[in-house]
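Student: Shown below is the structure under consideration.
The values are calculated or read from the model by the stated rules, or taken from the named source; none is laboratory data. Note that the coordinates shown come from a computational prediction; the quantities given were computed from them, not determined experimentally. When we count neighbours, we look across all protein chains shown, and the Cβ atoms used for this are built from the backbone with ideal geometry, even at glycine.
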Amino acid sequence: MVTLSSGFCLLENKMKALVTAIALLVSFGARSATVDCNNVAEFAEVIMEARQVGVSMPKAIELANGSKLLEKIIVDAYEVPHYSTQEYRSRKISDFRDSWYLACFKAMSE
């Protein structure tokens, strides 16, 4: 069984890797006008998963390293209620991921 503490460590490592990847893409995006929407969606998924298992918002914000995009994703995730059943959590996580992918895709298509 994964405890909240060990589960958070896994999520934290995943978030740190995604923060690094997105930061690199966004810095290249300033020059090439592209951002990898798959990475944005994956970060959104991990953040919502963290939200649903009880990770505090200050801890999540800390991992954004000042990235306004990542902070926006985190704020959006924490505006969503915490659900008690796995079914609702899973649905909310996938919906949140897909909504961020869609928003990114639309922004890159303009």
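Student: Could you list, in sequence order, the residues of the range 56-110 that are of a type in the set (Lys, Arg) and either touching a His at 6+ places or on another chain (Cβ under 8 Å) or surrounded by 12 or more Cβ atoms within 10 Å (Cβ to Cβ) (or both)?
Tutor: Passing the criteria: LYS59, LYS72, ARG89, ARG91, LYS92, ARG97.
Student: What's the number of the condition CYS9 fails, among (1) among the hydrophobic types (A, V, I, L, M, F, W, C); (2) surrounded by 16 or more Cβ atoms within 10 Å (Cβ to Cβ); (3) modelled with pLDDT under 90?
Tutor: Of (1) among the hydrophobic types (A, V, I, L, M, F, W, C); (2) surrounded by 16 or more Cβ atoms within 10 Å (Cβ to Cβ); (3) modelled with pLDDT under 90, only one is false for CYS9: (2).
Student: Let me ask something else about it. So the check is Cβ under 6 Å with 6+ separation or different chains; which pairs have a first residue in the range 37-58 that's within 17 Å of SER84 (Cα to Cα) and a second one that's surrounded by fewer than 21 Cβ atoms within 10 Å (Cβ to Cβ) and basic (Lys, Arg)?
Tutor: GLN52/ARG89
Student: Using the structure shown, decide if ALA17 is assigned to a helix (DSSP H, G or I) and modelled with pLDDT of 90 or more.
Tutor: So ALA17 does not fit the description; no.
Student: Among the residues of the range 73-92, is there at least one that is at pLDDT below 90 and in a helix (DSSP H, G or I)?
Tutor: no
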